[in-house]
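Written below as structure tokens is the structure these notes are about.
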Amino acid sequence: VTPPAPHPGDELQLLLEGLLPDDRRAAVESHLAGCERCRDELAALRWTRAAVQPPAAEAELPPALAARITAALDREDAAARRRTRLTWLVPVSLAAAAVLALLLLRKPEVNFVDVAARDFAAWRGGSLTLELVTPQPQQLAAFFAERLPDVPARVFDFGMMGYTLAGGRVHRVNGRDATFFAYRNAAGTDVVCVMYAGTLAELPEGAEEREHDGIRFRIYRAGGATLVFWEEGDVVCVLVSSGDREEAIQFAYAKAVKVS
Ligand SMILES: [Zn+2]
């Protein structure tokens with residue numbers, strides 16, 4: 001039986017967190033009923049979630065979780081011997097390893113730069129999809145205003161710079177609501193903007209700091225991309241680009257608005 005395509009991908013995480021809109025939840029649950037691969041992926045996400053949100057601080061790996069991870073790895077071994085489902089079991093194994101690393105390193109702090117760089121790479125790689133595909137900034141802004149009324153939804157127009165809007169998605173950054181919108185130019189250079197409630201003070205060390213028109217910018221390099229952060233009131237804006245560093249900075253200068 002061929003399950004209805006496409007695989008829901010990152011919507012599984014939203015399903016797990018109860019954040020999926022009703023119509024999408026019905027579609028994903030219907031897909032899950034016919035797709036073993038996605039059912040197993042959901043199970044893997046559940047282990048990860050259980051591990052990174054422990055009920056209380058514990059120094060040792062909870063026995064139940066250890067048993068589940070062991071079971072997962074055993075299952076992978078069995079499947080690898082059959083040499084049939086290796087392609088998706090490798091990510092499951094990596095997820096289990098990530099769980100262990102998180103627990104062992106006990107490093108709860110999150111890094112907005114790495115998260116933004118990871119999501120940018122996921123968008124470029126096709127694993128992070130857009131909810132509204134449109135070249136019209138006003139249409140996307142209206143979508144965000146309806147879906148995320150608490151996050152100011154300013155969607156830039158980069159048409160003068162040769163970039164076309166691809167669309168956007170309601171996103172999460174370290175557990176916070178965020179707008180995520182993407183642009184591409186004719187040469188295939190990608191620019192993504194992300195906005196979430198926060199401050200520059202939450203960002204890691206190691207930025208190049210610049211000031212332009214009274215606005216402070218922090219510029220990072222991560223995952224092969226340039227990331228430019230600035231504040232607009234209570235919101236942090238991030239511009240991520242796969243292209244030229246100075247061009248990315250000039251884009252941020254052009255779109256940043258000083259909020260007193
Ligand atoms: Zn599937």
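Residues Phe144, Phe181, Phe229: which one is under 17 Å from Lys255 (Cα atoms), more than 15 Å from the chain's Cα centre (by Cα) and touching a residue at least 24 places away in the same chain (Cβ under 8 Å)?
Going through Phe144, Phe181, Phe229 in turn, just one is under 17 Å from Lys255 (Cα atoms), more than 15 Å from the chain's Cα centre (by Cα) and touching a residue at least 24 places away in the same chain (Cβ under 8 Å): Phe229.
Right, Ala145: hydrophobic (A, V, I, L, M, F, W, C) and crowded, with 19+ Cβ neighbours inside 10 Å or not?
Judged against the criteria, Ala145 is not a match.
Out of the residues in segment 221-260 meeting the condition of being assigned to a loop (DSSP other than H, G, I, E, B) and loosely packed, with under 14 Cβ neighbours inside 10 Å, tell me which one is modelled with the lowest pLDDT.
Ser260
Do you know which of the residues in segment 6-40 that are part of a loop (DSSP other than H, G, I, E, B) and of a type in the set (D, E, K, R) is nearest to the ligand (Cβ to nearest atom)?
Asp10
Could you list, in sequence order, all residues of segment 17-30 that are among the hydrophobic types (A, V, I, L, M, F, W, C) and either in contact with a Ser or Thr (Cβ under 9 Å, 6 or more places away or on another chain) or surrounded by 15 or more Cβ atoms within 10 Å (Cβ to Cβ) (or both)?
Hits for segment 17-30 are Leu20, Ala27, Val28.
Any idea which of Arg210, Arg218 is at pLDDT 95 or above and surrounded by fewer than 19 Cβ atoms within 10 Å (Cβ to Cβ)? Lay out the reasoning, then the answer.
On the way: Arg218 fails: surrounded by fewer than 19 Cβ atoms within 10 Å (Cβ to Cβ).
Arg210 is the lone residue from the list that is at pLDDT 95 or above and surrounded by fewer than 19 Cβ atoms within 10 Å (Cβ to Cβ).
Give segment 18-40 a look and list any residue that's under 23 Å from Asp177 (Cα atoms) and touching a residue at least 40 places away in the same chain (Cβ under 8 Å), or say none.
Hit for segment 18-40 is Leu19, nothing else.
Output the strands (runs of 3 or more DSSP E) that fall wholly within segment 148-197 and possess 2 or more residues being at pLDDT 90 or above and farther than 23 Å from Glu231 by Cβ, or say none.
By residue number, 163-173, 176-185.
The values are calculated or read from the model by the stated rules, or taken from the named source; none is laboratory data. Just so you know, these numbers come straight off a predicted model, no measurement behind them. Positions of Cβ are generated from backbone atoms using ideal geometry, with glycine treated the same way; all protein chains shown enter the neighbour counts.
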